[in-house]
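So the structure is just underneath, and the comments pick up after that.
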Amino acid sequence: MKKALLLFFVLLTSYASPAASLVSNMNDWVSAQLSTDSTSLLSFVFLLIGGLAASLLPCVYPLYPITINILKARGNNEKKALHPIAYFLGMISMYLVFGIIAGTTGGAFNEVLRFPFTNLLIAVVLILLGLSSAELLHIPLFSGSGRDTSKKGALGTYLMGISAGLLSSACVGPVVVSILIGIASNTTGISFATVVGASLKLLVFGIGVGMPFLLIGVVGAKLPKSGGWMKYVQYAFAALIIYFAYGYLEKALLGFGFEDRSIVGIAFGTTVLLMGIYHLQKKELMPHQKMRTSLLTLAAILGGLILLRSFTIGSSGANETSPTSAVAIEKKGNLDWFTDKDAAYSQAKKNGKLVFLDFHGDWCTNCKAFQKLTQEDDELNTALQNAVLYKVYDTSEEFKVYQNDPRFPELKVGLPFLVITDSEGNLLYKTNDYQKSDEIALFLSE
């Protein structure tokens, strides 16, 4: 329990260290593997290994030999391998179904992710799932065994496998939900290819989870004895889930107007406060009872601070006058970005330059990656200096206008989205692949 809390603490504080860039790169890599656009062998190997690792969790692994014996007993005089195979097929069928759901809702999910509250909600859910995976919180949804033995035929065994696919343990459930969120949030648009990609990814993960059933029940292999080493696997999964939670928390707070450096302080302070409340409670209480009280207390404190802040803003706002116009230009490194359309196109007509439009969302990881690329890629940076730069935030009214423009259906799917027009607004180039920096630079240099 203490080790799990320590992992939680170290994971969040790592963002305040120089290793943050390494963690960020790892996040981008993991997201790329979950994306349905990635069909490389490496992405499937990654998920297969993830499934095998999930099968080693302490609330799953010891049950495999027991479950196999029950399944064999159900078979009576039938072939010994029939019921283990039926159970395995039931398990992976469940993962396949959820993969289809993730693939068919990916575009809609991306659209909803534009809202800071959505990212905040996902962050809270993932934190709860991470704590559940570390056995620091009890979530009834993941406590069912899913092993109804009333039906003796192979079909009954298949149905047992389906029910066990997601709800058979308190460990695999949170991991699966986290992967589903990852796949859905990294899926752009709905097509046959995206649905198949998401389905195959969850199917491969399910094959990894169910592999021990085949090894024991069909091949007759003997697995290593369960022991304390499984706890480390469990804590690692909990840390990974909470790591993803921080990413969504960061997107949410950026959307609410917080600065990057303040987000680290918020995460650090909240973690310290949660751990302090947890350890101040009576030792004889169960870990999940103490964590539940800690979370409720933390929620009450944060709610009080939000309420106080709202009253403060409300009382001071009456004596303040709002600015007559927003700042038209924002500076990013050596590049100046217009945030007003009329000002941008007026400047383009005056100088006879092309207009480069960056449709941006503070919640969008790839949008931030492109923003970083504009400073790190010398060729791209030089090319952008030769154009008038116009950043269209997804929270602006102008974004909605562009979203309803039949020339830009990509905006109904998700971000990032990059466009080049002439000074009159005529479309010359568009892409939703921010990594095509060479292509963008070449077009702007012509």
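The values are calculated or read from the model by the stated rules, or taken from the named source; none is laboratory data. Quantities reported herein were computed from a predicted structural model and do not represent experimental measurements. No Cβ is skipped: glycine too gets one built from the backbone with ideal geometry, and neighbour counts run over all protein chains shown.
Worth a mention:
- All told, K350 falls short of being out of contact with any Cys (no Cβ under 7 Å at 6 or more places or on another chain), in the same structural domain as F399 (by TED's automatic domain parsing) and at pLDDT below 90.
- When V272, V264 are checked against the criterion of being out of contact with any His (no Cβ under 7 Å at 6 or more places or on another chain), surrounded by fewer than 16 Cβ atoms within 10 Å (Cβ to Cβ) and part of a helix (DSSP H, G or I), V272 stands alone in meeting it.
- You will find that of K400, K412, K391, K430, the residue that is under 19 Å from E376 (Cα atoms) and not hydrophobic (A, V, I, L, M, F, W, C) is K391 and no other.
- Qualifying residue in region 389-398 (condition: touching a residue at least 60 places away in the same chain (Cβ under 8 Å) and either more than 17 Å from L415 (Cβ to Cβ) or small (G, A, S) (or both)): no
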